[in-house]
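Quick note: the coordinates plus some simple rules give every number you see, no bench work behind them. Note that the coordinates shown come from a computational prediction; the quantities given were computed from them, not determined experimentally. Note that each Cβ is placed from the backbone with ideal geometry, even for glycine, and that neighbours are counted across all protein chains shown.
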Amino acid sequence: MTVQETNLKGCFIIQPTVFEDKRGYFLESFNREKFNTAIGEDITFVQDNESFSTKGVLRGLHYQIGEHAQAKLVRVIKGRVLDIAVDIRPDSPTYGQHVAVELSEENKTQFFVPRGFAHGFVVLSDTAIFSYKCDNFYNKASEGGIIYNDPSLNINWQLPEEQLIISEKDAILPILENALI
């Protein structure tokens, strides 16, 4: 496994070691000891989630606040997505900056998004199965979000606006400046 920290402190791109032969492939998708050593933190994941989406579905930008904040380890099992993390830590020197990572079944890349970040993704392939581990349980009262097209974030979602499929809930999220953080 190789691990690379992004320009946003605490966000890591993780490339697992993949063993391939004529039968297919094998990879260790998670090993707590190796993971924690690589990122320099002690993370305990308590919940796994999975979503299925079609091309153009944009989920995000979501986060949880307070004691229910979540760190996530995300990956794509099938298909291809553009994954985004936005630093929403008010005292961070990279507050309001984002990092984009393409995750796919081919590259098998994983992305660690720590607490204090908004997270979202858009499906670039016909369909995608997206999997993520969380280090805290979901709490509806603690959820927050930022509108995907906030001009201050200037995120390139790699698809034309008219191809994006956004939930009613996500379409009315506030800009970062007005978000509850």
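Observations, loosely collected:
- For segment 80-173, a Kirkwood radius taken over Cα pairs fed into Stokes-Einstein (20 °C, viscosity 1.002 mPa s) yields D = 147 µm²/s.
- Springs join every pair of Cα atoms under 10 Å in this Gaussian network model of the chain, and among Leu164, Leu124, Leu58 the largest mean-square fluctuation is at Leu164.
- Positive-end residue of Ile165, Thr44, Asn154, charge dipole of the chain with Cβ unit charges: Thr44
- Proximal lysines to Lys34, defined as alpha-carbon separation beneath 23 angstrom and excluding residues fewer than eight positions away on the same chain: Lys9, Lys72, Lys108, Lys133
- About its Cα centre, the chain has a charge dipole of approximately 320 debye under the convention of +1 per Lys or Arg Cβ and -1 per Asp or Glu Cβ, with nothing else charged.
- Residue exposure sequence - His68, His98 - by fewest surrounding Cβ within 10 Å: His68, His98
- Volume per residue of the convex hull around the Cα atoms, evaluated for the chain, comes out as 119 Å³.
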